[in-house]
Amino acid sequence: MGKRRTVLLLAAITTAWRFARLKRGRTLYRRLQRPLRRRGVLGTARQTLVELASLLRLLWPSHRRARAVERAADATFDRTHNVDTRGKIHPAAMHDIESENWIYSDFYEPSRVELFEQMIDASDIEPHRFSFIDYGSGKGRVLLLAARFPFRRVVGVEHSPKLHRIAERNLRSIRFADRRCGPVESICMDAVHFRIPEESVVLYFFNPFERTIMSSVRDNVVRSYEGNPKSIIVIYLNPVHSDVWDEVGFIKRYAWSDEFIIYKTSHSHAPIRSYRRTLGAEVE
Ligand SMILES: C[S@@+](CC[C@H](N)C(=O)[O-])C[C@H]1O[C@@H](n2cnc3c(N)ncnc32)[C@H](O)[C@@H]1O
């Protein structure tokens, strides 16, 4: 290789390395900026201890086995459907989000397939009466799963353009035979600005954001219902801010387990028996 080529190659490698470091540095800065802005210095220190403790728990053999099973199921889903939905992405690594609300965002992580089916089963819905909205739809795994039911339409709302583009690519690979719903789309926007449709809706949340954003979305739902009462079903997986929904007068807890809670508008409360059969838990 000539001297000039070697110099050019070295310059290219150095630039790439600097760029990679810059990107990592930016992610680290954003990772620190997030908790500091939300919790202050003391709160951040306390939270760091809590997170360290839960990291230690993750090293436990039973946890590691469970994670390995989940990872294998994720890989099988993606391979079978020729899509890319797996992975865990920290919000600080999503540099492309324009909205200031990125600091309230949680990780990207897809819903587990069998759990999604269990939740739809437990909610006792007639999908053809509802549109399905996934708040924080990420790479679109839930859109692919919801499309297998005859919903009027299926909409995903995701604020990361990168994840939204992956979701669009994934949606293009749904086989016609698998799709039973009306139109399916991923929309790239901050969930707080999403306008709730006029028709009856299933609103799906898998731990997308923190309390402040959940409360704004909840207020939008309340306004939408007050302007136009309709059936609303909220499916909330990993319901860490369930109190935000418990406060809403016109929906009640309909079904729940350790992992999720389903709320329904009170007038759509009839078939509680099948929930008992499905999950064997107590009902109000
Ligand atoms: C835990 S993932 C769930 C992905 C998908 N719903 C599923 O269950 O497979 C949460 C997603 O919410 C997105 N998100 C967080 N805050 C958001 C916001 N304010 N507006 C839109 N999307 C948001 C994140 O980028 C992430 O992709």
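A few notes on this one:
- Counting every other Cβ atom within 10 Å of each residue's Cβ, V155, V113 order from fewest to most as V113, V155.
- The overall shape of region 72-124 is oblate: from the C-alpha gyration tensor, with semi-axes ordered a ≥ b ≥ c, the ratio a/c is 1.5 or greater and a/b is no larger than b/c.
- Residues K162, K88, arranged from fewest to most other Cβ atoms within 10 angstrom of their Cβ, appear as K88, K162.
- Förster-model FRET efficiency, 25 Å R0, R79 and S54, C-beta, rounded to 0.05: 0.25
- Note on L42 and E70: the extension gain reaches 6.6 nm, defined as 0.36 nm multiplied by sequence separation minus the Cα-Cα distance.
- Using a Förster distance of 41 Å, the FRET efficiency for D106-L9 (Cβ separation, nearest 0.05): 0.50
- Fewest-first sequence of M94, M189 by Cβ atoms within 10 Å of each Cβ: M189, M94
- Seen through its C-alpha gyration tensor, with square-root eigenvalues sorted a ≥ b ≥ c, region 185-257 comes out rounded because a/c lies under 1.5.
Only the coordinates and a few stated rules stand behind these numbers; no lab work does. Please read these numbers as outputs of a predicted model, since none were measured by experiment. Counting neighbours? That spans all protein chains shown, and the Cβs are built from the backbone with ideal geometry, glycine included.
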